[in-house]
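The structure appears below as structure tokens.
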Amino acid sequence: MNHLAHFKLASGHPKLLVGNLLADHVKGRLNGQFDAGIETGIRLHRAIDAYTDSHPVVTSSHARLDAPYRRYGGIITDIVYDHFLAVHWRSFDQRSLEDFCQTSLGEVMDYHQYLSAPAKERTLRMQRSKSMEHYGSPDFIERSFVYLSGRLKRKNPLASGFTQFEKHKNSLESDFMAFFPALQKFASDWVEQHNKQLAYGTHCDYS
């Protein structure tokens, strides 16, 4: 899942939001180098990714793609699923998408002292460009595929990945609507299980 889904699944816990953002910049085991609540957010991000990658609905989405794109199915569904989350936002949250995004990013910046320089710059850039608010735009999705294609070192077909979105949109949308409520329950149960750590700031290793 991409930023919007991770933020939605961590909403209500500012330190989880910070950890979810930092997770893209932190590799390996966590040994108390961050605030305990933030480490919990990093672990939540990893747990969400692992659950998503192994879920049969998501693997079915990958299988729908034309053969040259299937090995990049994780990247494609990360973007496309966030698009559908933005499109169907009111089905999952009473707040407007813009209010949610700006509030979440503001909460992250309240803990700016914990952010690495790249994570802080990413947050500020997301605030300025309102990138998450634009996930509902097909044009933004197309630009995202082109951008990510250039970021990968090896030759890849992602620059034309928007053709897969257009071709399989209805099926992928149905997949998302079937999958996201299950992911919400998984994340909610995970947070409840680790709520003691969030409340008391104790350090445990859930890697």
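Results for (1) in contact with a Pro (Cβ under 8 Å, 6 or more places away or on another chain); (2) touching a residue at least 12 places away in the same chain (Cβ under 8 Å); (3) of a type in the set (Phe, Trp, Tyr), shown as yes or no for each residue.
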{"site": "Leu4", "(1), (2), (3)": "no, yes, no"}
{"site": "Leu16", "(1), (2), (3)": "no, yes, no"}
{"site": "Leu22", "(1), (2), (3)": "no, yes, no"}
{"site": "His25", "(1), (2), (3)": "yes, yes, no"}
{"site": "Arg43", "(1), (2), (3)": "no, yes, no"}
{"site": "Ser54", "(1), (2), (3)": "no, no, no"}
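Can you tell me which residues in segment 16-29 are surrounded by fewer than 20 Cβ atoms within 10 Å (Cβ to Cβ) and out of contact with any Ser or Thr (no Cβ under 6 Å at 6 or more places or on another chain)?
Just the residues of segment 16-29 that are surrounded by fewer than 20 Cβ atoms within 10 Å (Cβ to Cβ), to begin with: 24-29.
Within segment 16-29, Asp24, Val26, Lys27, Gly28 qualify.
If you check Tyr111, Tyr147 for being under 21 Å from Ala23 (Cα atoms), loosely packed, with under 13 Cβ neighbours inside 10 Å and modelled with pLDDT of 90 or more, only one passes: Tyr147.
For first residues located in segment 87-102 and within 16 Å of Ser137 (Cα to Cα), partners that are assigned to a helix (DSSP H, G or I) and of a type in the set (Gly, Ala, Ser) and lie 6+ apart or on another chain with Cβ distances below 7 Å form the pairs Val87/Gly136; Leu97/Ala86. Asp82 falls short on exactly one of the conditions (1) in a loop (DSSP other than H, G, I, E, B); (2) surrounded by 14 or more Cβ atoms within 10 Å (Cβ to Cβ), and that condition is (1). Lys153 meets each of the listed conditions (1) assigned to a helix (DSSP H, G or I); (2) under 20 Å from Arg71 (Cβ atoms); (3) not hydrophobic (A, V, I, L, M, F, W, C) apart from (1). For the residues Gly37, Gly19, Gly73, Gly41, the requirement of being outside any loop (DSSP other than H, G, I, E, B) and either under 24 Å from Tyr147 (Cβ atoms) or of a type in the set (S, T, N, Q) (or both) singles out Gly73. No other residue among Glu133, Glu173 is of a type in the set (Asp, Glu) and either farther than 30 Å from Gly12 by Cα or surrounded by fewer than 19 Cβ atoms within 10 Å (Cβ to Cβ) (or both) apart from Glu173.
The values are calculated or read from the model by the stated rules, or taken from the named source; none is laboratory data. Remember, it's a predicted structure, so these values are computed and weren't measured experimentally. Positions of Cβ are backbone-derived with ideal geometry, glycine not excepted, and every protein chain shown enters the neighbour counts.
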